[in-house]
1. Just to be sure before I move on: is residue 144 among the hydroxyl-bearing types (Ser, Thr, Tyr) and crowded, with 20+ Cβ neighbours inside 10 Å in the structure I sent?
2. Restricting the stretch 176-194 to residues that are surrounded by 16 or more Cβ atoms within 10 Å (Cβ to Cβ) and in a helix (DSSP H, G or I), which is modelled with the lowest pLDDT?
3. Inspect the stretch 139-159 for any residue being farther than 30 Å from residue 41 by Cα, polar (S, T, N, Q) and touching a residue at least 60 places away in the same chain (Cβ under 8 Å) and give the result as yes or no.
4. I'd like the residue in the stretch 281-311 that is out of contact with any helix residue (DSSP H, G or I) (no Cβ under 7 Å at 6 or more places or on another chain) and part of a loop (DSSP other than H, G, I, E, B) and, out of all such residues, is nearest to residue 346 (Cα to Cα).
5. Only one residue in 127, 161 is within 20 Å of residue 247 (Cα to Cα), open to solvent by 10 Å² or more (accessible area, probe 1.4 Å) and not hydrophobic (A, V, I, L, M, F, W, C), so which one is that?
6. Hey, any hits in the stretch 335-348 for a residue that's more than 20 Å from the chain's Cα centre (by Cα), surrounded by fewer than 24 Cβ atoms within 10 Å (Cβ to Cβ) and at pLDDT 80 or above?
7. Taking the stretch 22-37, which residues are open to solvent by 10 Å² or more (accessible area, probe 1.4 Å) and either over 29 Å from residue 132 (Cα atoms) or in a helix (DSSP H, G or I) (or both)?
8. With respect to residue 232, determine if the residue is open to solvent by 10 Å² or more (accessible area, probe 1.4 Å) and either within 15 Å of the chain's Cα centre (by Cα) or small (Gly, Ala, Ser) (or both).
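The values are calculated or read from the model by the stated rules, or taken from the named source; none is laboratory data. Keep in mind that this is a model prediction, so the values were computed, not measured. In this analysis, Cβ positions are derived from the backbone assuming ideal geometry, glycine residues included, and neighbour counts consider all displayed protein chains. Accessible surface is based on the protein model in full, side chains and every heavy atom, while ligands, DNA and RNA are left aside. Shrake-Rupley method; radii C 1.70, N 1.55, O 1.52, S 1.80 Å.
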Amino acid sequence: MNQLTLNYKNLIGAVMASTIGVLFYNVMPIYLGYLMESKNLNYAQIGYLASAFFLAFSIPSASAYFWARSIKPRSISLISIFFILIFLFISTITDSYTNLILEILVVGSFSGILATLAMTIIGDSKNPTRWYGFKSASESAAGTILLFVLPATLIVSYGFNGVVYGMLIFIILSIPLVMLVSNEPLLDSNEIISRESLVTNISPIYVCMALLAVFFNYVTGSAIWAFAERIADIKDFDSILVANALGLTLAFAIIGPLISSSISDKFGLKVPFIIASLMMLIGAYGITSANTILEYAIFACIQMLGWGGGLPFLYSLVSKSDPNGRYITLAIPAVGLGSVVGPALAGNLIGESDSMYSLQVLVVSCMIISILMGWKSIK
């Protein structure tokens with residue numbers, strides 16, 4: 001088997017590991033929505049549950065600088081998947097809110113490990129923007145499948161438990177592809193290419209601005225995504241149509257990164273990033289102001305097209321400001337912390353207000369900051 005084949009298998013395995021790592025995120029609207037009804041929780045409580053996941057998600061990645069290149073990726077990935085499976089299942093038989101928080105923390109921690117390893121492997125590739133695009137498309141495809149299939153199948157029979165059963169089935173079926181990840185420590189990998197050929201500016205300030213762009217982008221995205229189903233419920237939209245609309249939005253989240261992968265670096269980073277971010281801003285604002293299910297679906301698709309299409313460029317902002325291939329792992333804490341702040345703020349803002357105005361101010365402000373930081377980080 002030649003080296004090129006091994007390289008592609010490793011990257012395909014990394015893409016699937018990341019897909020499992022963010023699966024909870026991509027089914028979050030129906031997971032939290034049905035959990036809220038099943039366990040009689042309030043908006044603030046499900047907001048804190050989402051934040052707990054991403055707090056735990058960001059902790060292992062925050063220290064990844066020290067461990068990501070010295071462990072055996074395949075072994076750690078399989079161990080992480082085992083714990084995710086076990087604790088997701090336990091959440092179906094838990095009634096205590098405190099225990100739910102603890103279970104979600106465990107799921108978040110091991111999901112973060114998977115995402116961090118995948119991010120590091122892809123960051124070492126010769127065309128990270130392309131593979132980040134494939135990664136984002138695969139993650140969104142998984143969510144699309146579950147959001148379309150579950151409301152008409154397992155959820156009908158099992159309610160909230162049906163959401164979890166669907167996640168477990170998908171994860172188990174994905175394990176053979178994760179097995180393609182090499183078990184050789186990344187520190188010894190021949191995949192690492194010369195960073196000098198990629199880096200246009202190694203000043204830490206540019207890396208920090210790129211990470212801030214990722215953070216504020218995810219504050220907006222996670223605030224909207226975590227409460228997308230609840231926002232529709234507040235507006236009295238039909239629940240089945242909403243689930244289908246959300247599944248459709250993830251289809252657009254697949255299209256976005258595939259477009260990014262196809263154009264890769266042909267048009268640079270600045271213009272594609274700005275276009276995608278503006279689409280995300282318009283869509284996020286539109287979701288909160290929609291008066292009909294059609295408007296809701298259209299703006300949700302626009303938001304996801306912009307979010308999915310912008311992520312590969314966001315990650316590349318960090319990767320191409322990274323002189324030694326280690327700081328790219330900090331993109332995961334930026335994602336995680338943004339996703340901690342977003343749902344927690346959104347849950348409290350929605351719970352305390354009779355309108356969407358406060359949420360609109362939040363998402364617009366954060367996206368403007370993300371655009372400015374991303375723009376400034378590009379040399």
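1. Yes: the conditions hold for residue 144.
2. Here the answer is 186.
3. no
4. The qualifying residue nearest to residue 346 (Cα to Cα) is 291.
5. Result: 161 is the single residue among 127, 161 that is within 20 Å of residue 247 (Cα to Cα), open to solvent by 10 Å² or more (accessible area, probe 1.4 Å) and not hydrophobic (A, V, I, L, M, F, W, C).
6. Among the residues of the stretch 335-348, at least one is more than 20 Å from the chain's Cα centre (by Cα), surrounded by fewer than 24 Cβ atoms within 10 Å (Cβ to Cβ) and at pLDDT 80 or above, which makes the answer yes.
7. 25, 26, 34, 36, 37, listed by residue number.
8. Considered against the rule, which asks whether it is open to solvent by 10 Å² or more (accessible area, probe 1.4 Å) and either within 15 Å of the chain's Cα centre (by Cα) or small (Gly, Ala, Ser) (or both), residue 232 comes out as no.
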